[in-house]
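Everything below concerns the one structure shown next.
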Amino acid sequence: EDLLSLGFRPDHVVAVNNGVDPMFRPGGQRSDVPRVLCVGRLAPVKRQDELIEAAVVAKQRVPDLQLVIVGDGPLRPALEARVAAHSAGEWITLAGRLSHADLVAQYQRAWLVSSASLAEGWGLTLTEAAACGTPAVATDVSGHRSSVIDGVTGVLVPLERLGDTLADVLLDDRRRDALATAALARAKTLTWDASARGILAALHGQVRRRYGTAR
């Protein structure tokens with residue numbers, strides 16, 4: 001989508017989905033209370049500060065909401081200050097960097113994964129969560145449109161609607177379960193083997209077009 005917007009010819013562009021490591025899988029136990037997870041470098045483009053504001057909005061309708069933000073980076077002091085400004089230390093956790101095993105457990109415990117990111121090439125954390133059976137509510141940006149099928153495996157919205165949409169999905173068990181089922185089913189197709197086959201098929205197609213069908 002980004003390449004096409006830059007003026008590349010559609011017949012010169014082949015998109016191949018990213019894979020998901022098989023360590024991301026269903027298991028463990030969901031949190032007893034609504035839990036939203038965000039994973040990523042704490043940097044301005046990721047806008048975890050805006051996610052905190054969205055969570056504050058959502059908590060007005062979901063009083064037992066918890067937000068866990070995994071990752072580290074230059075935005076951490078500002079995020080700590082924002083959490084303190086909202087007196088939200090009891091329900092917002094800045095978990096820092098985690099081991100792979102602990103990260104998988106966080107995906108498995110969360111009810112939703114979320115991202116307020118301004119721009120992504122591919123929302124890998126959203127498909128990692130999907131492979132654990134956890135659907136996404138995220139900003140409607142191009143990278144997220146690649147990793148989430150809006151209304152099917154998750155919900156994509158403008159930033160200003162993120163808080164209300166988090167609350168909507170957290171409060172609707174039936175909708176959230178349907179999103180989770182579809183997210184897991186799609187994630188099972190997102191293997192690195194499939195990615196490699198897609199790249200090889202594109203390269204092979206170029207060879208055939210240039211040199212014909214000879215050996």
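The values are calculated or read from the model by the stated rules, or taken from the named source; none is laboratory data. For clarity, every value in this text was computed on a predicted model and none was experimentally measured. Here Cβ is always computed from backbone atoms with ideal geometry, including for glycine, and neighbour counts include all displayed protein chains. Note: accessible area is taken over every heavy atom of the protein model, side chains too, but ligands, DNA and RNA are not part of it. Shrake-Rupley method; radii C 1.70, N 1.55, O 1.52, S 1.80 Å.
Quick notes on this one:
- If the condition is being in a helix (DSSP H, G or I) and over 17 Å from the mean Cα position of the chain (by Cα), then the stretch 86-101 contributes only Ala101.
- Near pairs, Cβ below 9 angstrom, 6+ apart or cross-chain, from the stretch 88-103 (more than 14 Å from Glu128 (Cα to Cα)) to any residue that is assigned to a loop (DSSP other than H, G, I, E, B) and open to solvent by less than 60 Å² (accessible area, probe 1.4 Å): Trp91/Leu65; Leu94/Leu42; Leu94/Gly71; Ala95/Gly71; Gly96/Gly71; Arg97/Gly71; Leu98/Gly71
- Residue in the stretch 37-59 that is most open to solvent (accessible area, probe 1.4 Å), counting only those that are within 15 Å of Gly163 (Cα to Cα) and in contact with a Lys or Arg (Cβ under 7 Å, 6 or more places away or on another chain): Asp49
- The sole residue among Val83, Val62, Val68 that is in a loop (DSSP other than H, G, I, E, B) and open to solvent by less than 30 Å² (accessible area, probe 1.4 Å) is Val62.
- Subset of the stretch 86-105 [small (Gly, Ala, Ser), over 15 Å from Arg41 (Cα atoms) and surrounded by 14 or more Cβ atoms within 10 Å (Cβ to Cβ)]: Ala88, Ala105
- Beta carbons closer than 6 Å, at least 6 apart along the sequence or on distinct chains, pair a first residue in the stretch 117-128 that is over 21 Å from Arg161 (Cα atoms) and open to solvent by less than 60 Å² (accessible area, probe 1.4 Å) with a second that is polar (S, T, N, Q) and part of a helix (DSSP H, G or I) for Trp122/Ser146; Trp122/Ser147; Thr127/Ser147.
- Criterion applied to Leu124, Leu118, Leu171, Leu179 was being more than 24 Å from Gly27 (Cα to Cα) and either modelled with pLDDT of 95 or more or out of contact with any Cys (no Cβ under 9 Å at 6 or more places or on another chain) (or both), and the one residue passing it is Leu118.
- Residue check, Val141 at negative phi and either open to solvent by 10 Å² or more (accessible area, probe 1.4 Å) or more than 9 Å from the chain's Cα centre (by Cα) (or both): yes
- In the stretch 31-43, the condition of being of a type outside the set (S, T, N, Q), in a helix (DSSP H, G or I), at pLDDT 95 or above and within 20 Å of the chain's Cα centre (by Cα) is met by no residue.
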